Amino acid sequence: MSTTSTADSTGKSTTGRDAEKRVSKREFIQRFARRGGVSPNIAQKAYQALIDELLDLVAQGNTVTLTNFGKFYPQTHKGHRVQFAKDDAGGEVKDYTVLKFSATREVNRHIQTDEEVKA
């Protein structure tokens, strides 16, 4: 795959797939509304409800499985000592949790590009 460097709408330089494939939240909601045959206002409310519920459930330690799509789950990382420079006394990163997503095999097959299929 070739990578090209261009500037996005904010003037920041981007490379590769991001240069042409980035979709804003506003555009996503507009496309979601069109596909669902609902108003952008309803789509915005549905989007926000989905994100809020997903984050609340995962923050409580749950794994959220969306059949035929994938699962969202919390992944905890252990804290560790860090040192940023040779003369720095260092510090410590405490334990932290991140949101992880694992797509189903079907979803991964669906998003493959022609170049990936040929490889």
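Computing the accessible area with a 1.4 Å probe over protein heavy atoms, can you report the carbon and sulfur percentage for region 42-92?
Whole-percent figure for carbon plus sulfur exposure: 54.
3J(HN,Hα) couplings calculated from phi for region 57-68 with the Karplus curve 6.51 cos²θ - 1.76 cosθ + 1.60 (θ = phi - 60°) are, in sequence order, 5, 5, 4, 7, x, 7, 9, 9, 9, 9, 3, 6 Hz; Gly and Pro show x.
Can you tell me the order of 26-33, 50-57 when each peptide is scored by its average per-residue count of other Cβ atoms within 10 angstrom, highest first? It would help to have the intermediate numbers written out before the result.
On the way: 26-33: 14.1, 50-57: 12.1.
Listed from highest to lowest mean packing, they are 26-33, 50-57.
At an R0 of 25 angstrom, the distance between the Cβ atoms of Ser24 and Phe101 translates into a FRET efficiency of 0.80.
Taking amide H positions as modeled 1.01 Å from N, with prolines and chain starts lacking one, the residues under 5 Å from Gly70 and 5 or more places away or on another chain are Thr104. Phi angles of region 39-44 translate, via the Karplus equation with coefficients 6.51, -1.76, 1.60 and θ = phi - 60°, into HN-Hα couplings of 6, x, 5, 5, 4, 4 Hz per residue; Gly and Pro are given as x.
The values are calculated or read from the model by the stated rules, or taken from the named source; none is laboratory data. Here the structure is a predicted model, which is why all the values come from computation and not from measurement. When we count neighbours, we look across all protein chains shown, and the Cβ atoms used for this are built from the backbone with ideal geometry, even at glycine. The protein model used for the area step is the full one, side chains on, heavy atoms only, and it has no ligands, DNA or RNA in it. Shrake-Rupley method; radii C 1.70, N 1.55, O 1.52, S 1.80 Å.
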